[in-house]
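The values are calculated or read from the model by the stated rules, or taken from the named source; none is laboratory data. This one's a predicted model, so the numbers in the text were calculated from it and none came from an experiment. Cβ atoms come from the backbone with ideal geometry, glycine included; neighbour counts cover every protein chain shown.
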Amino acid sequence: MRRMTTPERDDRGVATIFFILAMTALLIAAALAIDVGRYVAEARSAQNSADATVLAVATDCALTGSPIADYTPYRKPGQTISTPACGPGEATIAATKAVNDGLFLRRNAGTVTREATAKWGTLGAATTLPITISDCEFSQALLEGDTDILLYLDDPKPQSGCSSLPGGFSQLASANDCSVDVSAGGTVPGKPGADLQKQVPCITNPNGPALPHDVLIPMYDAAACQAAGCNGKGPYPIVGFAMFRVTGYSFNGNFFAGTLGRHCPDRNDRGRYCIQGDFIKYTTSQGTPGPSTDFGTYQIYLFS
C-alpha cells in the first residue's frame, strides 16, 4: 500500500514580501521624518525672523515713537509678518510661513507661525564708566542737539541754572579704572583727587573709532553735595542713565592733552579737566531694566 505524502511548502518568496513591506515602512518613516524636520526648520526660521523683527520694531518705537515702513530685511523669503505697532512699552510680531513641497506634504499643507515680544524702558542698573553727570546739566542740553556742551570736573562755578551743585561731572569710586556697577535709586561715593588720566582711554577710546565716541554714564540728582567744598566726595544719588557723545576733551597733561588742548578753556575758574559733547537718544541690550528717570537711553530686550 503506497503512503500518501504532502508536498513541502516553498517559503522562499515570503522573505521577499517581508523585505518589501519593511522597506516601504522605512521609506514612509523617513519621509515623515523629513517632513517633520521641515516643519521644525521652518518654525525655527520663523522664530528667528520674529525675534529680529520685533527688536527692530522696539528700537524704532523707543527712539521715534512709531515703527518704520519696511522690515523686509529681517524676514526670510516666503515669510509674512504681522503689522508692526508700538504698544505701551512693548511690541509683538508674528512671523508666518507656509510649509509645503515635502515628500508627503503638498501645497496648502498648512503654515507655521511663531511670535516674539520685545519690551523697552529705562535702565534700572548697569555697568558704566566711573564718572557721573548731573541731571541739571541734562536739563540744559538739547537731546541730539547741534551745539556741544562743555562740562568741567567738580565745577565750582556751574552753568547758570545749575547753582545747586558744585560739579558738571565727577569721578566715582571704583575698584576698576574703567567701570563701576551702579543702580538707579542708590548712591555712589565720589573719588576726589583720583587720577583721571587713567580713565582717558575708557572715555575717549583712542585705540578705537575716532571721536565722537558714545559712552554710557549714570546721572546723579542735583541735590547731591550742595554744600561748598564737597570737591567730588559725593555721595552721588543715581537717578538714571544717559548716553553721552564725547566730541572733545582736555585732561591736563602732555600725553593726555586732548582735542581741546592741554588746558580747558576756563581752567582757572571751572577746573582743569573737562569733556565736551552732547546727550543722544540710544537703545542698548546691556544693563537691567527698571524704573529710573528718563534720559533718552532705553534698554530693549526679548520678553517671550
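Can you tell me which condition S179 does not meet? The list is (1) over 22 Å from L216 (Cβ atoms); (2) of a type in the set (S, T, Y); (3) modelled with pLDDT of 80 or more, and all the others hold.
(1)
Residues of region 41-82 being closer than 19 Å to F303 by Cβ and in a loop (DSSP other than H, G, I, E, B), which ones?
Result: P67, Y71, S82.
Test E137 against the stated conditions and say whether it is modelled with pLDDT of 70 or more, part of a loop (DSSP other than H, G, I, E, B) and either of a type in the set (D, E, K, R) or crowded, with 21+ Cβ neighbours inside 10 Å (or both). Write out each step before concluding.
Numbers: modelled with pLDDT of 70 or more: yes; part of a loop (DSSP other than H, G, I, E, B): no; either of a type in the set (D, E, K, R) or crowded, with 21+ Cβ neighbours inside 10 Å (or both): yes.
The answer is no for E137.
Does region 47-65 contain at least one residue that is within 30 Å of E144 (Cα to Cα), free of Cβ contacts under 8 Å to residues at least 24 places away in the same chain and exposed (fewer than 14 other Cβ atoms within 10 Å of the Cβ)?
yes
Residues that are modelled with pLDDT under 75, more than 24 Å from the chain's Cα centre (by Cα), surrounded by 15 or more Cβ atoms within 10 Å (Cβ to Cβ) and within 23 Å of N268 (Cβ to Cβ): does region 208-227 have at least one?
yes
Can you spot a residue in region 2-13 that is modelled with pLDDT of 65 or more and out of contact with any Lys or Arg (no Cβ under 8 Å at 6 or more places or on another chain)? Don't jump to the end; show me each part of the working.
Within region 2-13, the subset modelled with pLDDT of 65 or more is none.
The answer is no, given that none of the residues of region 2-13 is modelled with pLDDT of 65 or more and out of contact with any Lys or Arg (no Cβ under 8 Å at 6 or more places or on another chain).
Restricting region 189-207 to residues that are touching a Gly at 6+ places or on another chain (Cβ under 7 Å) and outside any loop (DSSP other than H, G, I, E, B), which is modelled with the highest pLDDT?
Of everything passing the filter in region 189-207, G190 is modelled with the highest pLDDT.
Considering each of A118, A95, A85 in turn, give the residue that is at pLDDT 90 or above and surrounded by fewer than 20 Cβ atoms within 10 Å (Cβ to Cβ).
A85
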